1. Against the definition (assigned to a strand (DSSP E or B), under 26 Å from H300 (Cβ atoms), β-branched (V, I, T) and touching a strand residue (DSSP E or B) at 6+ places or on another chain (Cβ under 9 Å)), how does I204 come out, yes or no?
2. Given the residues K327, K251, K271, which is the only one that is part of a strand (DSSP E or B), within 19 Å of N214 (Cβ to Cβ), within 19 Å of the chain's Cα centre (by Cα) and not β-branched (V, I, T)?
3. Out of (1) closer than 30 Å to F289 by Cβ; (2) part of a strand (DSSP E or B); (3) touching a Lys or Arg at 6+ places or on another chain (Cβ under 9 Å); (4) not basic (K, R), what's the single condition that is false for I39?
4. Out of the residues in region 273-332 that are at pLDDT 95 or above and among the hydroxyl-bearing types (S, T, Y), state the one that is surrounded by the fewest Cβ atoms within 10 Å (Cβ to Cβ).
5. So which of D245, D231, D184 is of a type in the set (D, E, K, R) and either within 17 Å of P267 (Cβ to Cβ) or touching a helix residue (DSSP H, G or I) at 6+ places or on another chain (Cβ under 7 Å) (or both)?
6. On the basis of being modelled with pLDDT under 95, closer than 22 Å to S306 by Cα, more than 22 Å from the chain's Cα centre (by Cα) and of a type in the set (F, W, Y), does F24 make the cut?
7. Looking at K234, K186, K199, K261, which one is of a type in the set (D, E, K, R), surrounded by 16 or more Cβ atoms within 10 Å (Cβ to Cβ) and either part of a loop (DSSP other than H, G, I, E, B) or within 21 Å of the chain's Cα centre (by Cα) (or both)?
8. When both residues are 6+ apart or on different chains and their Cβ atoms are under 6 Å apart, which pairs have a first residue that lies in region 219-238 and is closer than 11 Å to Y254 by Cα and touching a residue at least 12 places away in the same chain (Cβ under 8 Å), and a second that is part of a loop (DSSP other than H, G, I, E, B) and among the polar types (S, T, N, Q)?
Amino acid sequence: MKKVTSLTLCTMLFCFNSISQNKFIGNIERINPALDAIIMPGAKAEIIAEGFKWSEGPLWLEKINALIFSDVPENKIYKWTAAKGKELYLTPSGYTDTVKRGGEMGSNGLLLNNKGQLVLCQDGNRQMGMMNAPLDHPAPNFITIAARYKGKRFSSPNDAVYNKAGELFFTDPPYGLETKSDTDPKKEIPFNGVYKVKKNGEVILLVDSIPRPNGIAFLPGEKKLIIACSDAKKPNWYVYDVKDDALTNGKIFYSTIGSPKGERGAPDGMKVDSKGNIFASGPGGIWIFNSEAKLLGKLHLTEQASNCALSTDEKILYITNNMQVLKFKMRD
């Protein structure tokens, strides 16, 4: 088990340029020299959109040259482009019933399937859904991919990833339920699971022992799967071997136990680049690892990071950061 220890390596500061005013709000901590190959010296970030209740699930859409992301409590997806800035992309995004309800009912994680169609973790509808409309003409018309396990409704699918075979893996914590807790009267499955949806639609339970499964991502080669746990008592990233329809040899990839008190956030959404570098939302911002669980650096943020997305060329990291969305240019 790896723990965060005190760091004596030098820290390089960088500035964030706000869309409303230039404002210093963070710094990058270079823990290992290998970070220099990922993030260039003097790299800066900017707030490209703000004014959200809780931004989540960023996804870069190369086809339309745009970033989309969820505002979960508002039940909306927004789009950002360099030309027009922030625009409403889709509403409703995660809850389509007419019965009023509270809580975080919108979409959460967003991803594309192997056909390039938008797939959504729909908190309010308690399902994995697919938008039945083109990316450049979005519409709140959804097809259910998976909504139940052994006849019982999911709590609120949170984050997801496809493998190259077209099979869907997703996490199901209780955060989208109105009380966000395991004691919510509408919670039907007694545990918080990690699931796989086979190409024939069959739903398989992979893990039921992670108290708050959250972000999920494959390492290159798809032989290992990383799952974030946002539980305050077990704030860890776990790694599993992937074998057919099972996850085996589960162990802690990295733990945030021992990190400085007062840092906001927990292991949450993450992305992995083509070289196996992991950009993971965690306490205080974005934690950057290599595939061997070596911590290379941290991108400290003043707001709570929920998730991130890479541009197609992997030179830009987009971050959903509470009420803001950031663009961090890592390399020229």
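The values are calculated or read from the model by the stated rules, or taken from the named source; none is laboratory data. These figures come from a predicted structure and were not determined experimentally. Here the Cβ positions follow ideal geometry from the backbone for every residue, glycine too, while neighbour counts run over all protein chains shown.
1. So I204 does not fit the description; no.
2. K271
3. (2)
4. For region 273-332, the residue satisfying everything is S274.
5. Exactly one residue qualifies, and that residue is D231.
6. It is true that F24 is modelled with pLDDT under 95, closer than 22 Å to S306 by Cα, more than 22 Å from the chain's Cα centre (by Cα) and of a type in the set (F, W, Y).
7. K234
8. Every condition considered, the pairs that remain are P235/T256.
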